[in-house]
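Structure, as C-alpha cells:
The values are calculated or read from the model by the stated rules, or taken from the named source; none is laboratory data. Owing to the predicted nature of the structure, the values given are computational and were not obtained by experimental measurement. Methodologically, a virtual Cβ is constructed for each residue, glycine included, from the backbone with ideal geometry; neighbour enumeration extends over all protein chains shown.
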Amino acid sequence: MMDLRILLPSLLLIVGLATVFAQTSAPGEACEAKNGTNCEECLKNVTCLWCIKTKMCLTYPVRTILPPHALCPLNDARWGLCWMNFQTLIITLAVLGGVIIIAFLVCLFCCCKCENFGSKRFEAKMQRQTDKLKTKQEERRAEMKQRHDEIRKKYGLSGQNQYSRFA
C-alpha cells in the first residue's frame, strides 16, 4: 500500500492540474469569439477580460499590468470574477498592503522594545547577583577580621601597630 505522505500530495497535484486545464480553453479558441455571451461564459477562460460598458469579451493585455482605459475603463473591467472590478481590486490590495506594512512595523517596534526590556531585565538580574556577591565578600572580610582580632588578642598583639608612626 502506498504511503499517505506520497499519495496525498500527488492527489492534490493531479486535482490542481485538472483544475488549471479545465479553466483554460482550447488554444485555438479566442476570447473575441465569446462576444455574444455573458460575463460568466467569457471569464471561464483565464486569458479573457469582460468589459461591462461595451459587453465585449477581450483578450487580456498581458504586456500591461492593468488594461488601458481605451480598451476598457477600470471600473467596468472584470477579470476572474464578474462581481469585482479592477478599481475595487486595486483599492483592496493597496489597503491590505498598507495594513501588512503597518503591522510589520508595529511588530518590529514591539520586538525592539521587548528586546530592550529583556536586556534591562538581564542587567537588573546581573546587578542583583553582583550585589549579592559583594555582600558575601563583605561578610567574609568581617569574619576574617574578627578571627584575626581574636588571634591578636590571644597572643597579646591587639595594641596599636608599632610601625604606624613611620608611615
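Numbers for the structure displayed
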| item | result |
| --- | --- |
| Evaluation of Leu74 against (1) assigned by TED's automatic domain parsing to the domain that holds Leu49; (2) out of contact with any helix residue (DSSP H, G or I) (no Cβ under 7 Å at 6 or more places or on another chain); (3) surrounded by 10 or more Cβ atoms within 10 Å (Cβ to Cβ) (one fails), failing number | (2) |
| Selection status of Ile90, among the hydrophobic types (A, V, I, L, M, F, W, C), at pLDDT below 85 and part of a helix (DSSP H, G or I) | yes |
| Number of positions in segment 57-89 that are farther than 18 Å from Cys42 by Cβ and among the charged types (D, E, K, R) | 1 |
| Which listed residue, of Met126, Met84, is surrounded by 11 or more Cβ atoms within 10 Å (Cβ to Cβ) and over 18 Å from the mean Cα position of the chain (by Cα) | Met84 |
| Residue within segment 42-56 that is in the same structural domain as Ala30 (by TED's automatic domain parsing), within 23 Å of Ala30 (Cβ to Cβ), in a helix (DSSP H, G or I) and touching a helix residue (DSSP H, G or I) at 6+ places or on another chain (Cβ under 6 Å) present | yes |
| Residue match in segment 102-113 (condition: more than 20 Å from Glu41 (Cα to Cα), surrounded by 10 or more Cβ atoms within 10 Å (Cβ to Cβ) and basic (Lys, Arg)) | yes |
